[in-house]
Amino acid sequence: MSVIRLRRFVRAVPRRVREARMFARAMTSPHHPILAQIVPVRRCNLSCTYCNEFDRVSPPVPTAEMLQRIDHLHRLGTTIITLSGGEPMLHPDLDRLIERIRQRGAIATLITNGYFLTPDRIRRLNRAGLDYLQISIDNVQPDDVSKKSLRVLDRKLEWLAAHAEFGVTINSVLGADLANPEDALTVSRRARALGFASTVGVLHDQHGQLKPLGPRHQAILAEILKVENSLFSFAHFDRFQNNLARGLPNQWHCGAGGRFLYICEDGLVHYCSQQRGTPAIPLADYTPAHLRAEGARPKECAPFCTISCVNQTAMLDEFRTRPRETLDEIIARRMQRDPGFQPPPLVNALAWMFLHPGRREFFGKVALRVLRAAPDARTGR
Ligand code: SF4
Ligand code: SF4
């Protein structure tokens, strides 16, 4: 085993324990934020024509402000904190922000366009304690719409494969605005060949809503979902995407404002990147009462929403409220694609322990104690 593989393995074991703790908390406490996305700088070095999340001028948020915001997210019980932008690697103290997220016990993730990655920068991200990095790649060759292109970024991906001790996810993108939908499949295959996780996103309009896909795009989406072979990959929780790809609405509750928070550069909480302005409450004033009220509020934009990270938090809540049915649905969808598929023994063992009414309580208590994931007795979070 190469040194980097060994290091990656050594880092992955405690990370999996922390993820199991995050999952256990999400299963026991319905009111803390599972995921918060926080913007350390709105500026971006690129200008993808479909994007409404960047400008060319904003300065970085002062580091002291960012640290306070991370601390407040911790007080609210947030389990995953994602740094996004703009381009978050333009923040001069990015590593300190990652370190603070880790010190506060959350999983630290970074969404970047990848342009600033070098072997040395990747090693510094390792040292800061980054858990996951995600890059969206829009096409193979750069064009007028996007320069987040495989041809430009492939060297960066090779550096990540050689040096990153954190998990790497490559998100390919399908959308009516992108010229060559087959590019998404090329990107996905390259990601898997380099040992990365691969997801696929559906391009949305300026309100986070669906732009319907044609039959060619739908066929490619089905191919990409075959490339990712992990049972619990979010790429496989494809009910959302399959419906959206066919122009059909999804029936789900969007828990944004409670289970998911978006913190802009001004320190205001919004439902998501595409619903900025609502509720726009300063994070410093955001309380557990806000989490409950805003998380429970129905969102008119939910049926055609393509914001996958919020869809994913809803998936965890679905698992909490209907565990047996949700697991059966995931397995059934996987078997539709791959009729010979058998659930791994670990999944069967966990289902035996946690999904049987007579055993669930006992094993649940043991797991919460072992993972130190029991909700705070005072706050319930
Ligand atoms: S790289 Fe990301 S933030 Fe920058 S313009 Fe493109 S999509 Fe927007
Ligand atoms: S449904 Fe939720 S995540 Fe989707 S656009 Fe609306 S507020 Fe944002």
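Among the listed residues I101, I107, I80, identify the single one that is within 30 Å of S146 (Cβ to Cβ), aliphatic (A, V, I, L, M), within 16 Å of ligand 2 (Cβ to nearest atom) and in contact (Cβ under 8 Å) with a residue 12 or more places away in the chain.
I80
Restricting the first residue to the stretch 304-332 and requiring it to be touching a residue at least 60 places away in the same chain (Cβ under 8 Å) and closer than 11 Å to I34 by Cα, which pairs with a second residue that is assigned to a helix (DSSP H, G or I) and away from ligand 2 (no atom under 16 Å from the Cβ) meet a Cβ separation below 7 Å and a spacing of at least six or different chains?
Final answer for the pair search is L316/A26.
Among the numbered conditions (1) crowded, with 18+ Cβ neighbours inside 10 Å; (2) modelled with pLDDT of 95 or more; (3) in contact with a strand residue (DSSP E or B) (Cβ under 9 Å, 6 or more places away or on another chain), tell me where A161 comes up short.
That leaves (1) as the condition not met.
Residues that are away from ligand 1 (no atom under 16 Å from the Cβ), modelled with pLDDT under 95 and within 21 Å of W252 (Cβ to Cβ): does the stretch 275-282 have at least one?
Checked against the condition, which is being away from ligand 1 (no atom under 16 Å from the Cβ), modelled with pLDDT under 95 and within 21 Å of W252 (Cβ to Cβ), the stretch 275-282 yields at least one hit.
Would you check which residues across the stretch 241-253 are in contact with a helix residue (DSSP H, G or I) (Cβ under 6 Å, 6 or more places away or on another chain), in a helix (DSSP H, G or I) and modelled with pLDDT of 75 or more and list them?
If the condition is that a residue be in contact with a helix residue (DSSP H, G or I) (Cβ under 6 Å, 6 or more places away or on another chain), in a helix (DSSP H, G or I) and modelled with pLDDT of 75 or more, then no residue fits.
So which residues in the stretch 289-307 are assigned to a helix (DSSP H, G or I) and near ligand 2 (Cβ under 9 Å from one of its atoms), if there are any at all?
Across the stretch 289-307, the qualifying residues are A302, P303, F304.
Only one of these is at pLDDT 95 or above and over 22 Å from the mean Cα position of the chain (by Cα): A293, A256. Name it.
Step by step, each of A293, A256 is checked, and only A293 is at pLDDT 95 or above and over 22 Å from the mean Cα position of the chain (by Cα).
Given the options I111, I98, name the one that is under 30 Å from D143 (Cβ atoms) and either aliphatic (A, V, I, L, M) or outside any helix (DSSP H, G or I) (or both).
I111
Among the candidates Y271, Y262, Y286, which residue alone is within 23 Å of Q68 (Cβ to Cβ), away from ligand 1 (no atom under 16 Å from the Cβ) and within 21 Å of the chain's Cα centre (by Cα)?
Answer to the selection: Y271.
Conditions: (1) of a type in the set (A, V, I, L, M, F, W, C); (2) buried (at least 19 other Cβ atoms within 10 Å of the Cβ); (3) more than 10 Å from ligand 1 (Cβ to nearest atom). I111 meets all but one. Number of the miss?
(3)
Using beta carbons and a limit of 6 Å, which pairs, at least six apart or on different chains, have the first residue in the stretch 37-59 and over 16 Å from D144 (Cα atoms) and assigned to a strand (DSSP E or B) and the second one among the hydroxyl-bearing types (S, T, Y) and within 16 Å of ligand 2 (Cβ to nearest atom)?
Q37/T82; Q37/S84; Q37/Y262
If I ask for residues that are more than 18 Å from the chain's Cα centre (by Cα) and part of a loop (DSSP other than H, G, I, E, B), which ones from the stretch 274-283 would you list? First the steps, then the outcome.
So in the stretch 274-283, the residues more than 18 Å from the chain's Cα centre (by Cα) come out as 276-283.
Result: R276, G277, T278.
I need a count of the residues in the stretch 39-68 that are within 16 Å of ligand 2 (Cβ to nearest atom) and either closer than 16 Å to Y262 by Cβ or among the small types (G, A, S) (or both).
4
The values are calculated or read from the model by the stated rules, or taken from the named source; none is laboratory data. Bear in mind that the values here come from a model prediction, so they are computed numbers and not experimental data. Positions of Cβ are backbone-derived with ideal geometry, glycine not excepted, and every protein chain shown enters the neighbour counts.
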